[in-house]
Structure formats: structure tokens, C-alpha cells
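Below: one structure, written as C-alpha cells.
The values are calculated or read from the model by the stated rules, or taken from the named source; none is laboratory data. All values derive from a computational prediction rather than experimental measurement. Here the Cβ positions follow ideal geometry from the backbone for every residue, glycine too, while neighbour counts run over all protein chains shown.
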Amino acid sequence: LRARVERPPRSVGGGARLQPEAYWAGVPEAAILQEVLYAAQGIEGHYILLDPISDAFRITEDAGVPRGSKDMVRQVCEVGWLYSRIDAHVKTPSTSSLLHQSLCASIKRHLSEYFKLLSLLQSELRATGSTALSLRKLISWTHEPTKRLKHILTLADSCHDLKGGLLASKVHTFAIHGDPAVRG
């Protein structure tokens, strides 16, 4: 039962049909999509867990998700791993320099844009169930934020222990980069 199966549509009232809900070995696709959205926020779920050995989100075997879909889940969950790493960087003690605090504030503004996207995806999942939102659509929706969060994480990692002029110089090297996505 590793293949994706669909339940037959049920009749409602005067013969209208509900959309079939997709299942993977007894687990509704909507439940997996919900957990993927949780993982995109860095939150573990019942079927998607953060593996401390590989330092990545993974989907459990009892979810019954086929290999191709597992790869798509991992691809979408990468953005949650990136978010978790960036969030750890911006939670700095209050004794850090003003320049570092302003860098963290700028990063938080980017993260708030990311959360607006997650909120939109969450509302779409709730409003229409799993019929309008799929793993492929999630990959498409999270492609650009994944690239942006990778650049932000690179900046945060490279500026982690820097202060004063060194921090300003490092941020400046990112600001004059030729790729507009890196410049932010």
C-alpha cells in the first residue's frame, strides 16, 4: 500500500459529489501537508521529525509515503531547517552591538515576509483541503524563499562572531554582490 490511493467520491444530498481525499497507506495527504507546513516553521510533527544525526527533517516510515513524495517532502522541509538555523542566529543576547542588533532586525523583517507566505499557504490548506494544495505546489511556493533563506543563513553564519567594522565590512560585501537575490 505504498502507492497513493484515492477514496471514491461520496454522494451528498442531491447527488453532488465531494472531492476525493488522497491517502497514503491510511494517512490523509492533508495531514502530511499540514505537517510539512509545521516543518517549514521548524516544528516537528507526528510523521515529520528532525533527525539529529543527519540534522534534517525526515518523514517516518509509518506515514507510508512513496519515495518520490518523500523527496518532495524533504525538499520543502529544507526551508524549515534553514529557518531554524536563522532563528537561532537572531536570538542573540542583549549585550550584542547595535550593528549586530540592526542586522538581526533586518533578518527578522525577512522572516516575517516568510511567515506571511506560510500563513497564506496554511489558509489555503484549511479553506480547500488537500484538493488545491499539493506537495508540488508547495515546492513551487517555497522555491524562492528557500533561495533567500540560504543567502540569509550564509550572511548570518559569516557575521556570527563579528563586531564593529568587521561586521559592517562583511555586510557590505553582501550588499555589493552582483546577484540581486543576495543583495536582498
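Before moving on, here are some points about what is shown:
- Considering the stretch 37-83, and only residues there that are buried (at least 17 other Cβ atoms within 10 Å of the Cβ) and hydroxyl-bearing (Ser, Thr, Tyr), the residue that is nearest to SER123 (Cα to Cα) turns out to be TYR38.
- Of all residues in the stretch 50-71, those satisfying the criterion of being over 13 Å from GLU35 (Cβ atoms) and either out of contact with any strand residue (DSSP E or B) (no Cβ under 6 Å at 6 or more places or on another chain) or among the charged types (D, E, K, R) (or both) are ASP51, PRO52, ILE53, SER54, ASP55, ALA56, GLU61, PRO66, ARG67, GLY68, ASP71.
- Within the stretch 155-166, residues that are touching a residue at least 60 places away in the same chain (Cβ under 8 Å) and over 18 Å from LEU111 (Cα atoms) have Cβ atoms under 7 Å from residues that are in a helix (DSSP H, G or I) and of a type in the set (A, V, I, L, M) in these pairs: GLY164/LEU99, counting only partners at least 6 apart in sequence or on another chain.
- Test for ARG136: is it surrounded by fewer than 15 Cβ atoms within 10 Å (Cβ to Cβ), within 22 Å of ILE43 (Cα to Cα), of a type in the set (D, E, K, R) and touching a helix residue (DSSP H, G or I) at 6+ places or on another chain (Cβ under 8 Å): yes
- Every residue from the stretch 140-167 that is in a helix (DSSP H, G or I), loosely packed, with under 15 Cβ neighbours inside 10 Å and of a type outside the set (D, E, K, R): SER140, HIS143, THR154, SER158, GLY164, GLY165, LEU166
- Scanning the stretch 97-126 for residues that are among the small types (Gly, Ala, Ser) and surrounded by 13 or more Cβ atoms within 10 Å (Cβ to Cβ) turns up SER97, SER106.
- Lone qualifier among ILE59, ILE43, ILE86 - being farther than 30 Å from ASP161 by Cβ, among the aliphatic types (A, V, I, L, M) and either under 22 Å from the mean Cα position of the chain (by Cα) or at pLDDT below 80 (or both): ILE59
- Within the stretch 38-82, tally of residues that are of a type in the set (Asp, Glu) and within 21 Å of HIS143 (Cβ to Cβ): 2
- Given (1) β-branched (Val, Ile, Thr); (2) over 22 Å from ALA56 (Cβ atoms); (3) surrounded by 14 or more Cβ atoms within 10 Å (Cβ to Cβ), index of the condition THR173 fails: (3)
- Meets criteria (within 15 Å of the chain's Cα centre (by Cα) and not hydroxyl-bearing (Ser, Thr, Tyr)) for LEU153: yes
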